[in-house]
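Novice: I'd like to ask some things about the structure below.
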Amino acid sequence: MKKIATKLKDCYILEPDRFGDERGYFSPYFIQKNMDELGFQRVVQTNRSNSSKGVVRGLHFQKNPKCQAKIVEVIKGSAIDVVVDMRVDSETYGEYIAEKLSEENHRQLFVPRGFAHGFVSLEDDTVFQYLVDNDYAPKLEAGILWNDPELGIDWETIFKENGIEQPILSPKDQIHPTVKENKVIFKRGQERFLITGYHGQLGFDIERELRKNGISKENILATDIEEMDITNREQVMKVVKEFQPDVIFHCAAWTAVDKAESMRDTVEKVNVLGTKNLTDASIEVGAKIVYLSTDYVFDGTKETPYLPEDTPNPKSVYGETKYLGEEEIRRNPKHFITRISWVFGINGNNFVKTMLRLSETHQQLNVVNDQIGSPTYTVDLAHLLVNLAQTDSYGTYHATNDGYCSWAEFAQYIFEINQRNVEVNPVLTEEYLAITKTTQAYRPRNSRMDKSKLTEIGLDLMPSWQDATERFCEELKEEESIVKKYKK
């Protein structure tokens, strides 16, 4: 395949080899290793459109996290293909090219992510084909005005040279914003990400998710108290200003719910003052900030799932301080508050690990069944949060794995999938406290949270808590196998 550079950075004309004789021809029009060099990782979807002469489609793109790279070609008829570099840090930002694609010249055009794309059909029944590397997401469709004067696209000459008297456009394509009005930001270079609470379950998996997405080590600053004490304002400002992150994932928090009741000053220092420091620093450098809140901001007395807009009413020191942290975060206009619950992950202690450990020594366990919520796997949560941070849909969200259960039902499922012969005795919270002769901070009985706001902005919901639990248990087994092999 011949690769021809265009004047736009990272955008190429592709000419696949053709081998033919009197019988016809053979052409390998897609070779993955060639596409790897371009940054096109995989074909997620193939689309075709049929257009009459004079039809103009575009200029289109999808917003993050569903932005698409495309390999486009005309397999019947002909078209002038137009692409615009929309990446604000690109040396060719705002420039365009117009290339003829036809069934005769067999050319393809590689359109990177962060480009607006469109074409005008030069013949009736022109069939345009797209290979794309990300899912179609209707709620994330966007575009810029096809004839925006700022772009300087010479449509008049294109129409005149190809005998098009009047372009045909859809109503939607006639009202896209201009480049100046466009609010969607794309970048050619990698963004920089700062994580607090890296030694915790979620911070650890957010770093893994970023690396999985191809973010280089140099563009991730994963911190814990040793690298940056969030209660030390001077240190926070210094670290954030020096690193200049585009996104801050604020995972650090005091999460020992019961101990918090007797240590209010310490908990407030971490969960409120620390969050204030991070918020001020994020505003200073213009960074987005993702804050991890909790179901404990609610009192749990509502009979239906909580909506993000419901009024918080925390009943514990932990819940109160996390809510006050939310109020601090809201001072940054570019904020995402995500309330989570019942978290489990590989890098720390959690309910799943506790149940498996207790199953080694107990045949029966008393587990509460009047607290209802959603177990949440940090691998799934990290994936969602990284996607959410790529959007500009700022606000408050609920983010948990799908479905609801009680702690007793959760425990029973853990034992079933791990083939542990342990009987679960469902008990009320009051009964559990009486049996164990312990005291606890207030825990909401209803921790069900409505996640539909995520789908409203075009994001996919996380899988069911059962599916998540099974995958986490497999991850635990893999870790145990590696440890055993290392010891040998």
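One line per residue, one yes/no per condition, for (1) farther than 30 Å from His117 by Cβ; (2) out of contact with any helix residue (DSSP H, G or I) (no Cβ under 7 Å at 6 or more places or on another chain); (3) among the aromatic types (Phe, Trp, Tyr):
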site	(1), (2), (3)
Gly197	yes, no, no
Gly200	yes, yes, no
Asn219	no, yes, no
Ile225	yes, yes, no
Ile230	yes, no, no
His250	yes, no, no
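The rows are residues; the columns are (1) under 26 Å from Asn64 (Cα atoms); (2) charged (D, E, K, R).
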site	(1), (2)
Ser316	no, no
Glu326	yes, yes
Ile337	yes, no
His362	no, no
Leu388	yes, no
Cys405	no, no
Tyr413	no, no
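Novice: Let me spell it out: the conditions are (1) surrounded by 20 or more Cβ atoms within 10 Å (Cβ to Cβ); (2) more than 22 Å from Pro305 (Cα to Cα), and Pro444 meets all of them except one. Which number is the exception?
Specialist: (2)
Novice: Just a yes or no: is a residue in the range 377-399 within 23 Å of Tyr432 (Cβ to Cβ), in the same structural domain as Arg443 (by TED's automatic domain parsing) and touching a residue at least 12 places away in the same chain (Cβ under 8 Å)?
Specialist: Scanning the range 377-399, I find no residue that is within 23 Å of Tyr432 (Cβ to Cβ), in the same structural domain as Arg443 (by TED's automatic domain parsing) and touching a residue at least 12 places away in the same chain (Cβ under 8 Å), so the answer is no.
Novice: Then there is this: How do the pairs read when you match residues in the range 156-181 that are within 19 Å of Leu101 (Cα to Cα) and assigned by TED's automatic domain parsing to the domain that holds Val120 with residues anywhere that are of a type in the set (Gly, Ala, Ser) and outside any loop (DSSP other than H, G, I, E, B), using Cβ under 8 Å and keeping only pairs 6 or more apart or on different chains?
Specialist: From residues that are within 19 Å of Leu101 (Cα to Cα) and assigned by TED's automatic domain parsing to the domain that holds Val120, the pairs are Ile158/Ala98.
Novice: Then there's this: Could you list, in sequence order, all residues of the range 33-86 that are of a type in the set (S, T, N, Q) and either more than 30 Å from Glu156 (Cβ to Cβ) or assigned to a strand (DSSP E or B) (or both)? If you could, list the steps in order and put the result at the bottom.
Specialist: Here is the first cut: in the range 33-86, the ones of a type in the set (S, T, N, Q) are 34, 41, 45-47, 49-52, 62, 64, 68, 78.
Correct list: Asn34, Gln41, Gln45, Thr46, Asn47, Ser49, Asn50, Ser51, Gln62, Asn64, Ser78.
Novice: May I pose another question? List the number of the failed condition for Glu226; all other conditions in (1) charged (D, E, K, R); (2) surrounded by fewer than 23 Cβ atoms within 10 Å (Cβ to Cβ); (3) within 20 Å of Leu384 (Cα to Cα) hold.
Specialist: Exception for Glu226: condition (3).
For every residue, the table says whether it meets (1) touching a residue at least 24 places away in the same chain (Cβ under 8 Å); (2) touching a helix residue (DSSP H, G or I) at 6+ places or on another chain (Cβ under 8 Å).
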| position | (1), (2) |
| --- | --- |
| Val422 | yes, yes |
| Val427 | yes, yes |
| Glu431 | yes, no |
| Ala434 | no, no |
| Arg443 | yes, yes |
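Novice: What pairs come up if the first residue lies in the range 248-259 and is in the same structural domain as Ser341 (by TED's automatic domain parsing) and within 20 Å of His335 (Cβ to Cβ), the second is assigned to a loop (DSSP other than H, G, I, E, B) and not hydrophobic (A, V, I, L, M, F, W, C), and their beta carbons are under 6 Å apart, counting only those six or more places apart or on different chains?
Specialist: Cys251/Gly197; Cys251/Gly200; Ala252/Gly197
Novice: Among the residues of the range 263-294, how many are farther than 30 Å from Arg443 by Cβ and either of a type outside the set (Asp, Glu) or in a strand (DSSP E or B) (or both)?
Specialist: 7
Novice: Okay, next question. Specify which of the listed residues (Val120, Val83) is buried (at least 19 other Cβ atoms within 10 Å of the Cβ), within 15 Å of Thr6 (Cβ to Cβ) and out of contact with any Asp or Glu (no Cβ under 6 Å at 6 or more places or on another chain).
Specialist: Being buried (at least 19 other Cβ atoms within 10 Å of the Cβ), within 15 Å of Thr6 (Cβ to Cβ) and out of contact with any Asp or Glu (no Cβ under 6 Å at 6 or more places or on another chain) holds for just one of Val120, Val83, which is Val83.
Novice: Restricting the search to the range 188-223, which residues are loosely packed, with under 15 Cβ neighbours inside 10 Å and of a type in the set (D, E, K, R)?
Specialist: Answer for the range 188-223, where residues must be loosely packed, with under 15 Cβ neighbours inside 10 Å and of a type in the set (D, E, K, R): Arg211, Lys212, Lys217, Glu218.
Novice: Going through Arg113, Arg48 one at a time, which residue ends up being more than 22 Å from Val386 (Cβ to Cβ) and either surrounded by 15 or more Cβ atoms within 10 Å (Cβ to Cβ) or assigned by TED's automatic domain parsing to the domain that holds Phe159 (or both)? Walk me through it before giving the result.
Specialist: Values: Arg113 fails: more than 22 Å from Val386 (Cβ to Cβ).
Step by step, each of Arg113, Arg48 is checked, and only Arg48 is more than 22 Å from Val386 (Cβ to Cβ) and either surrounded by 15 or more Cβ atoms within 10 Å (Cβ to Cβ) or assigned by TED's automatic domain parsing to the domain that holds Phe159 (or both).
Novice: Ok, one more. Taking interchain pairs and intrachain pairs at least six residues apart, which have beta carbon atoms under 8 angstrom, with the first residue in the range 185-196 and in contact (Cβ under 8 Å) with a residue 40 or more places away in the chain and at positive phi and the second of a type outside the set (Gly, Ala, Ser) and surrounded by 24 or more Cβ atoms within 10 Å (Cβ to Cβ)?
Specialist: Every condition considered, no pair remains.
The values are calculated or read from the model by the stated rules, or taken from the named source; none is laboratory data. Small disclaimer: the values here were computed from a predicted structure and weren't measured. Cβ coordinates were reconstructed from backbone atoms using ideal geometry, including for glycine residues, and neighbour counts include every protein chain displayed.
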